[in-house]
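This report refers to the structure that appears directly beneath it.
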Amino acid sequence: MDLIKENKEKKRAVFLKDSDTVRKFWYDKEPGWIYQHANTLKKVQPGYVKEVGPNYIDFVRYVGIPASRLKHTKEFVQEITHFCVNQIKNTSPYAHGDWVLSNIIVDGEDMYMVDWDNVGIYPTVQIYEKLKSDLQSAFGDLFDPSSI
């Protein structure tokens, strides 16, 4: 397995297991949390979880480019905003909770959310305020909070 990303502060790492699978390890989570998290993700994103172990989850690898690496135009901001709002509606009552652009993978016309560590059930106002905050931070003046 090849290391993709490690966050020593948050005690987790992501590896490329094979061409179709990424494995995320948590070094500080109890197995019960891992299994519960996987069960939540199976409800929220059917088919995304491939295998679960006591300290890891294997996920489908989405091929594409993180939105953070793409040119930020007004049209792109609108596409990302539309995608995030639809994602919230499609996963309700759960929400991703971390709409930083590195968590959005773009593959042509398709977009995917990754890094679901913060998935949960939150008050609707909190969900949309966090989304606005994340998009404002990512896009600055290109983002219009009234578009949500």
For K24, only one of the following conditions fails: (1) charged (D, E, K, R); (2) out of contact with any strand residue (DSSP E or B) (no Cβ under 6 Å at 6 or more places or on another chain); (3) modelled with pLDDT of 95 or more. What is its number?
(2)
Pairs under 9 Å by beta carbon, first residue touching a residue at least 40 places away in the same chain (Cβ under 8 Å) in region 25-41, partner among the small types (G, A, S) and surrounded by 12 or more Cβ atoms within 10 Å (Cβ to Cβ), six or more apart or different chains?
T40/G120
Does any residue of region 98-108 turn out to be over 14 Å from the mean Cα position of the chain (by Cα) and not in a loop (DSSP other than H, G, I, E, B)?
yes
Has region 56-67 got at least one residue that is closer than 26 Å to I127 by Cβ and either touching a Leu at 6+ places or on another chain (Cβ under 7 Å) or without any contact (Cβ under 8 Å) to a residue 24 or more places away in the chain (or both)?
yes
Considering (1) under 25 Å from A13 (Cβ atoms); (2) without any contact (Cβ under 8 Å) to a residue 40 or more places away in the chain, say which one V119 fails and leave the rest.
(2)
Can you tell me how many residues within region 119-142 are closer than 22 Å to K42 by Cα and either aromatic (F, W, Y) or surrounded by fewer than 19 Cβ atoms within 10 Å (Cβ to Cβ) (or both)?
5
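The values are calculated or read from the model by the stated rules, or taken from the named source; none is laboratory data. Owing to the predicted nature of the structure, the values given are computational and were not obtained by experimental measurement. Virtual Cβ from ideal backbone geometry, glycine too; neighbours counted across all protein chains shown.
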